[in-house]
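Worksheet: one structure, shown below.
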Amino acid sequence: MTEIELKFLLDEAGEAALRASPALRRLAQGAARRRKLRSIYFDTPDGDLRAHGFALRLRKVGRGWVQTVKAGAHAAGAGLFSMREAETPAPGGRLDLDLVPDPGLREAVRHVLGDAPLNPVFETLIDRTERVLAVPGGEVELAIDVGEVVAGDRRAGFREAELELKSGAPAAIYEVARALFEAVPARFSEMSKAGRGHALTLGRPALPPLEPRRARRPALDPAGTTEAAAARILRECLAQIDANAAVVLACDDPAGPHQLRVGLRRARSALSLFGPALAGPQAEALGAAARDLAAAAGELRDLDVLATEILGPAAALAPADAAGFEALAEAVAARRLAARQALRATLAGPQARRLLIDLSAFVELRGWLRPTDLAQTAQLARPAGETAAAALGKRWKKVRRQARELESLDVEARHELRKQLKKLRYGVDFFGPMWPGESVAPYARALRRLQNVFGSLNDIAMAEARLTGPGAPCADHPAAQRAVGRMLGRMEMKAEADWTRALARWEALAALKPFWK
């Protein structure tokens, strides 16, 4: 049997909110059932089952034991798990592979094990609350698990909500998730309980660390389909967005809103890069929602940069303006606090929560499909390498067009070129691993050096807009205004010096042969 689950990590507040959810009471069929579960997981001394994606456990259920084998026990996407499962009673709490009812699964496990012995490697102790929830598309079982993983003398507690499809189409899981988690603080779980236990046995964290998550490059096969590449890239974007949303909600680390905005921009860029293959109402709605959330994250990110990367260093260079910079720092700190509170309210609200769930559903349910569109079918089946080369070529063409007569570009045209360079950079980050590293690295390096110039120009424009525009802080504070004027003058001089380097850096980039050709 194939088991489809969507898992969410909870904290104490999230668990309480979920248990008290009006949507839970509305969808529930019958009373809740509470059970205490003890599960013992087995593997060989070399971890052969784990290495091949199998999980083998004995679980105490009531007075008896159940033996379970799972195959493919890894996350298919953010929070979504799809795996083969075979369960059977285990008299006396003893393993017996002869009892595995699925012949294919039984033989696959035996093949992996060979003559190696099986030993208990960790166990989970869980207090589980189960309820069956009904939506028009099917029935879904909600399990709220509070417990711990124990591996030798190492222990790790966790709270998790698990939605398992019992009947109907997989879309029912997402329908329930939208109803339950729009107002519940939670994040997708990327690790099964078996995965947590194995991590603990290897001395790694059983729960993901709450820290800013930078973008990662998913492994892409140039001979694989465009659809598979798009799914992998969007899953990675979603993982980055989800992790950094949790960071922003939990702490004041400036890297959180920065990486959140990066993840949102990467998601929008990915939707655009794949063009007609993914285009449609769902992709358009996701792109708009990502843009709006990125703007909210950008408000805080700009103030973080202003406070820590612009005002702080400027004050150190101008001790005569100390009083003015002190007043500015206080005013900007108050605005940072308000922006952080606003972003947290947005992230805890239904629009942001729905974006995360909808993006997961878009990927895992293939929300881009237009069944009668044969042209789209051909685009999705096209080799990923061909699609990547075409997308990068299109991005490069736009950059070259924007860079014509680079020496005479005005501020607005420079800003537009900066945006096109960023889109090209995201495309190189996404697709570059499909080509040999030695051909990609010089291009990526030259592109990054050119982007750095435009980044400093953007910081100057942002500082000027925020410190001199309508509603600027300390507008009636003479010392602060003098400090702003002198600081912006120094920044503009540096910008012009940087801009002369931009011409040389552009020539260096333009001289390189695009690695995708």
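For segment 484-492, state whether one or more residues are touching a helix residue (DSSP H, G or I) at 6+ places or on another chain (Cβ under 9 Å), among the small types (Gly, Ala, Ser) and under 17 Å from VAL332 (Cβ atoms).
So in segment 484-492, the residues touching a helix residue (DSSP H, G or I) at 6+ places or on another chain (Cβ under 9 Å) come out as 484-488, 490-492.
Next, from what is left, pick out any that are among the small types (Gly, Ala, Ser): 485.
Applying the additional criterion that residues be under 17 Å from VAL332 (Cβ atoms) yields 485.
Yes; the residues of segment 484-492 include at least one that is touching a helix residue (DSSP H, G or I) at 6+ places or on another chain (Cβ under 9 Å), among the small types (Gly, Ala, Ser) and under 17 Å from VAL332 (Cβ atoms).
Which of the following residues is of a type in the set (Asp, Glu) and part of a helix (DSSP H, G or I): GLU175, GLU130?
Details: GLU130 fails: part of a helix (DSSP H, G or I).
The unique qualifying residue is GLU175.
For segment 195-213, which residues satisfy the criterion of being outside any loop (DSSP other than H, G, I, E, B) and charged (D, E, K, R)? Step through it out loud before you land on a result.
Our first condition is that a residue be outside any loop (DSSP other than H, G, I, E, B); within segment 195-213, this holds for 195-201.
ARG196 - this is the single residue of segment 195-213 that is outside any loop (DSSP other than H, G, I, E, B) and charged (D, E, K, R).
Filter segment 178-187 for residues that are within 18 Å of ILE241 (Cβ to Cβ) and assigned to a helix (DSSP H, G or I) and give the result. It would help to see each step written out before you state the result.
At the first step, the residues of segment 178-187 found to be within 18 Å of ILE241 (Cβ to Cβ) are 178, 181-182, 184-187.
Matches in segment 178-187: ARG178, PHE181.
List the pairs whose first member sits in segment 309-330 and is in contact (Cβ under 8 Å) with a residue 12 or more places away in the chain and over 11 Å from ALA480 (Cα atoms), whose second member is surrounded by 12 or more Cβ atoms within 10 Å (Cβ to Cβ) and of a type outside the set (A, V, I, L, M, F, W, C), and whose Cβ atoms are under 7 Å apart, counting only residues at least 6 apart or on separate chains?
Hits for this filter: ILE310/ASP459; ALA318/ARG486.
Report yes if GLY152 is in the same structural domain as GLY30 (by TED's automatic domain parsing), in contact (Cβ under 8 Å) with a residue 24 or more places away in the chain, surrounded by fewer than 16 Cβ atoms within 10 Å (Cβ to Cβ) and on the phi > 0 side of the Ramachandran plot, otherwise no.
Yes: the conditions hold for GLY152.
Just need a number here: residues in segment 214-235 that are part of a helix (DSSP H, G or I) and in contact (Cβ under 8 Å) with a residue 24 or more places away in the chain.
Residues meeting the conditions: 9.
Among the listed residues ALA472, ALA444, which satisfies the condition of being surrounded by fewer than 18 Cβ atoms within 10 Å (Cβ to Cβ), within 26 Å of the chain's Cα centre (by Cα) and at pLDDT 90 or above?
Numbers: ALA472 fails: within 26 Å of the chain's Cα centre (by Cα).
Checking each option against the conditions leaves just ALA444.
Between THR124, THR88, which is among the hydroxyl-bearing types (Ser, Thr, Tyr), under 14 Å from ILE40 (Cα atoms) and in contact with a Leu (Cβ under 9 Å, 6 or more places away or on another chain)?
On the way: THR88 fails: under 14 Å from ILE40 (Cα atoms).
The match here is THR124.
Which one of these is of a type outside the set (Val, Ile, Thr), modelled with pLDDT under 95 and either assigned to a helix (DSSP H, G or I) or not assigned by TED's automatic domain parsing to the domain that holds ARG335 (or both): ALA314, ALA295, ALA267? Give the derivation first.
Values: ALA295 fails: modelled with pLDDT under 95; ALA267 fails: modelled with pLDDT under 95.
Result of the check over ALA314, ALA295, ALA267: ALA314.
Can you tell me which of (1) within 12 Å of the chain's Cα centre (by Cα); (2) over 20 Å from GLU3 (Cβ atoms); (3) not basic (Lys, Arg) is the one ALA199 doesn't meet?
(1)
Listed residues ARG344, ARG335, ARG301; which is buried (at least 22 other Cβ atoms within 10 Å of the Cβ), modelled with pLDDT of 95 or more and of a type in the set (Lys, Arg)? Spell out how you get there, then give the answer.
On the way: ARG344 fails: buried (at least 22 other Cβ atoms within 10 Å of the Cβ); ARG335 fails: buried (at least 22 other Cβ atoms within 10 Å of the Cβ).
Just one listed residue meets the conditions, ARG301.
So, GLU190, is that one surrounded by 19 or more Cβ atoms within 10 Å (Cβ to Cβ) and in a loop (DSSP other than H, G, I, E, B) or not? I'd like the intermediate steps shown before the answer.
Details: surrounded by 19 or more Cβ atoms within 10 Å (Cβ to Cβ): yes; in a loop (DSSP other than H, G, I, E, B): yes.
Here the answer is yes, as GLU190 does meet what is asked.
Does segment 445-467 hold any residues that are under 20 Å from GLU412 (Cβ atoms) and either among the hydroxyl-bearing types (Ser, Thr, Tyr) or free of Cβ contacts under 8 Å to residues at least 60 places away in the same chain (or both), and which are they?
LEU450, GLN451, VAL453, PHE454, GLY455, SER456, LEU457, ASN458, ILE460, ALA461, GLU464, ALA465
In segment 363-385, which residues are among the aliphatic types (A, V, I, L, M) and either surrounded by 16 or more Cβ atoms within 10 Å (Cβ to Cβ) or in contact with a Pro (Cβ under 9 Å, 6 or more places away or on another chain) (or both)?
Initial filter on segment 363-385 (among the aliphatic types (A, V, I, L, M)): 363, 365, 369, 374-375, 378, 380-381, 384.
Matches in segment 363-385: VAL363, LEU365, ALA375, LEU380, ALA384.
Looking only at residues in segment 176-224 that are closer than 23 Å to ARG266 by Cα and in contact with a Ser or Thr (Cβ under 9 Å, 6 or more places away or on another chain), which one is modelled with the lowest pLDDT?
PRO208
Would you check if ALA116 is within 21 Å of GLU190 (Cα to Cα), exposed (fewer than 15 other Cβ atoms within 10 Å of the Cβ) and among the small types (Gly, Ala, Ser)?
Working: within 21 Å of GLU190 (Cα to Cα): no; exposed (fewer than 15 other Cβ atoms within 10 Å of the Cβ): yes; among the small types (Gly, Ala, Ser): yes.
The answer is no for ALA116.
Condition (residue is part of a strand (DSSP E or B), without any contact (Cβ under 8 Å) to a residue 40 or more places away in the chain and of a type in the set (Ser, Thr, Tyr)) applied to segment 81-94: is it met by at least one residue? Lay out the reasoning, then the answer.
Start the filter on segment 81-94 by keeping residues that are part of a strand (DSSP E or B), which leaves 81-89.
Narrowing further to those that are without any contact (Cβ under 8 Å) to a residue 40 or more places away in the chain: 87-89.
Narrowing the set further to residues that are of a type in the set (Ser, Thr, Tyr) leaves 88.
For segment 81-94, residues part of a strand (DSSP E or B), without any contact (Cβ under 8 Å) to a residue 40 or more places away in the chain and of a type in the set (Ser, Thr, Tyr): present.
Can you tell me which residues in segment 250-264 are at pLDDT 95 or above and aliphatic (A, V, I, L, M)?
Within segment 250-264, ALA255, LEU260, VAL262, LEU264 meet the criteria.
The values are calculated or read from the model by the stated rules, or taken from the named source; none is laboratory data. These numbers were taken from a predicted model, which means no experiment stands behind them. With ideal geometry, Cβ positions are generated from the backbone for all residues, glycine too; neighbour counts draw on all protein chains shown.
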